[in-house]
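Quick one: the structure is below, questions incoming.
The values are calculated or read from the model by the stated rules, or taken from the named source; none is laboratory data. Because the structure is a prediction, the values reported are computed rather than measured. Counting neighbours? That spans all protein chains shown, and the Cβs are built from the backbone with ideal geometry, glycine included. Note: accessible area is taken over every heavy atom of the protein model, side chains too, but ligands, DNA and RNA are not part of it. Shrake-Rupley method; radii C 1.70, N 1.55, O 1.52, S 1.80 Å.
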Amino acid sequence: MKKIKVGVVGVGRGKSMIQYCDIAKDVELVAICDKWKEGLDIQKSAHSHLNITYYEKFDDFIKHDMDAVILANYATEHAPFAIKALKAGKHVFSEVLPTQTLKEAVELIETVEETGLIYAYGENYCYMSAPYEMKRLYEKGEIGEIEYAEGEYFHNCESIWSKITRGDPNHWRNNMYSTFYCTHSFGPIRHITGLRPVSVVGFEGGSDERAKRMGLKGRDFGIEMITLENGAIVKSGHLGTYRDSVWYSISGTKGRMETAREDAENGAYDRIYINADEYSGAYGKSQIKSYMTNDEYQGEIAKFGHGGSDFYAMKHFIEKVAGKQDADIIDVYEALDMSLVGIFAYRSILQGGITVQIPNLRKKEERDKWRNDTACVDPLVAGEMLLPCRKGGNPDIDPTVYKYHRKTWQSMDDTDKR
């Protein structure tokens, strides 16, 4: 069996993808890239028995002889790196998010189409055992057609903020707007139902006190109210808030199904509840069926992050590269379905909470309007289309906040640093 030669960019988030390569029999890890030299040294020590080449510069890394590239670098860098990798003849697995701007979205789609190579989006929450079981049940028609759904990824990151931002005031996390990081909450709903979002209304909220302690210029949680192509409504909420919650619920024309809450006895990742109404007769008028869904997420797979879903996101990508046509990847079009809701929800916020239409970039005739749209919060990318990190303008953050987080990060053991 020919092994797929893989290179990984980013040794922080990329640890999980490197771990996959360590145990999978159909993959050979041949190159690792990161501008963080200490992180590379850690990987060199851990993989001294393997023939891996290490790079600090992506432009050097991309010339390496390999079949596929795993992008686990900064979220705002994924699209430019993916485009370079595809043009260099490499298949791409991209961590979240796929693009920062609409200009990048158009370029990414057209590069995938022009090269004919595989692009897979690593929205791992779609592959958690409970949402994945919900996908199987939905496709069987167990609850009929979606009418309403909710997806939550509320995660108070204050306790790990030093680790994941390194006290850098220019780090993308310190500058992201409230609805940017939306695909953990909306992505599984999109993947379960297969339906495209057509419009959105956005909301921003959170604690200013907490945001200023962290050094976050945007508001620390966002809500999207999304209309799908069949008219169904989805509420998507993410980040910030005191309460952590990973939870998905879908109501259909025949019934309802949902995952357990984060603080449920068996956690949110691997239990679902399902019931159907009295007219469908699937489970009776009042009976609720509840069961664990994680039989396949045991042993070695259980060691992977996010309830084992990191393993399956990679597995499907490698299978697709190897030629399995029905491998369940999230392609570039679906990836943008998931992420554009956040981009356009923020435009809704900046315009006072109006309903904003979401373009279908599968259609070439819709792309030209957005081809040169660089609107984002990064001044190096946005140019004259620079947006504030929150409605009303960026707050003043005391520089000592960043110095504190930098010092805290530097005091960590190298193995604990992201």
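Size of the dipole of region 114-207 about the Cα centre, Lys and Arg at +1 and Asp and Glu at -1 on the beta carbon, nothing else charged, in debye to 20?
Rounded to the nearest 20 debye, it is 280 debye.
For region 114-180, what is the accessible area per residue in Å² when the probe is 1.4 Å?
With all protein chains present, region 114-180 gives 33 Å² per residue.
Follow-up. If you project the alpha carbons of region 108-153 onto the principal axes, what extent comes out on each, in Å, largest first?
Its Cα atoms span 39, 22, 18 Å along the three principal axes.
Another one. Under 24 Å Cα to Cα from Lys35, which lysines show up? Leave out anything in the same chain fewer than 8 places away.
Within the straight-line cut-off, Lys35 pairs with Lys5, Lys15, Lys44, Lys57, Lys63, Lys84, Lys87, Lys90, Lys163, Lys403, Lys407, Lys417.
To the nearest 10 Å², what's Lys90's accessible area with a 1.4 Å probe?
20 Å²
Express in nm, to one decimal, how much length is gained between Tyr333 and His47 on full extension, taking 0.36 nm for each residue of separation and deducting their alpha carbon distance.
99.4 nm
Given the rule -39500 (n - 2.57) for each run of at least 4 DSSP H residues, summed and divided by the residues of the chain, what is its mean residue ellipticity at 222 nm, to the nearest 500 deg cm²/dmol?
Only helices count here, giving -9500 deg cm²/dmol.
Which FRET efficiency, nearest 0.05, do Lys369 and Lys140 yield, Cβ-Cβ r, R0 45 Å?
0.70
Listed highest first by mean packing, meaning other Cβ atoms within 10 Å per residue, what order do 175-181, 8-14 come in?
175-181, 8-14
Which one of Val96, Tyr55, Leu86 is farthest out on the positive end of the charge dipole of region 1-123, using unit charges on Cβ (Lys, Arg +1; Asp, Glu -1) and the Cα centre as origin?
Selected residue: Tyr55.
For region 1-105, what % of the accessible area comes from carbon and sulfur atoms, probe 1.4 Å?
About 49 percent, which is the carbon plus sulfur part of the accessible surface.
Taking the mean number of other Cβ atoms within 10 Å as a proxy for protection, how do you rank 316-328, 26-38 from highest to lowest?
Peptide ranking by packing, descending: 26-38, 316-328.
Placing unit charges on C-beta atoms (Lys and Arg positive, Asp and Glu negative, everything else neutral), compute the dipole magnitude of the chain about its Cα centre in debye, rounded to 20.
I would put it at about 560 debye.
Rank these residues by their accessible area, most exposed first, probe 1.4 Å: Thr53, Thr193.
Ranked from most to least accessible, the order is Thr53, Thr193.
Given the peptides 330-338, 125-133, arrange them by the average over their residues of other C-beta atoms within 10 Å, most packed first.
Listed from highest to lowest mean packing, they are 125-133, 330-338.
A further question follows. Along the charge dipole of the chain, which of Gly151, Gly122, Ile301 sits closest to the positive end, that is, farthest toward it, with unit charges on the beta carbon of Lys, Arg, Asp and Glu (+1, +1, -1, -1)?
Gly122
Output wanted: per-residue J couplings in Hz (rounded whole) for region 24-40, from phi through Karplus 6.51 cos²θ - 1.76 cosθ + 1.60, θ = phi - 60°, x for Gly and Pro.
6, 8, 9, 10, 10, 7, 10, 8, 9, 10, 6, 6, 8, 4, 4, x, 4
Another question, then. Using the alpha-carbon centroid of each, what span in Å lies between region 307-325 and region 136-174?
Spelled out, the Cα-based centre of one part sits 21 Å from the other.
So how long is each side of region 97-183 along the principal axes, counting just the alpha-carbon atoms, biggest first, in Å?
Here the Cα extents, ordered largest to smallest, are 48, 40, 22 Å.
How many angstrom lie between the Cα centre of region 186-230 and the Cα centre of region 12-74?
So the separation of the two Cα centres works out to 32 Å.
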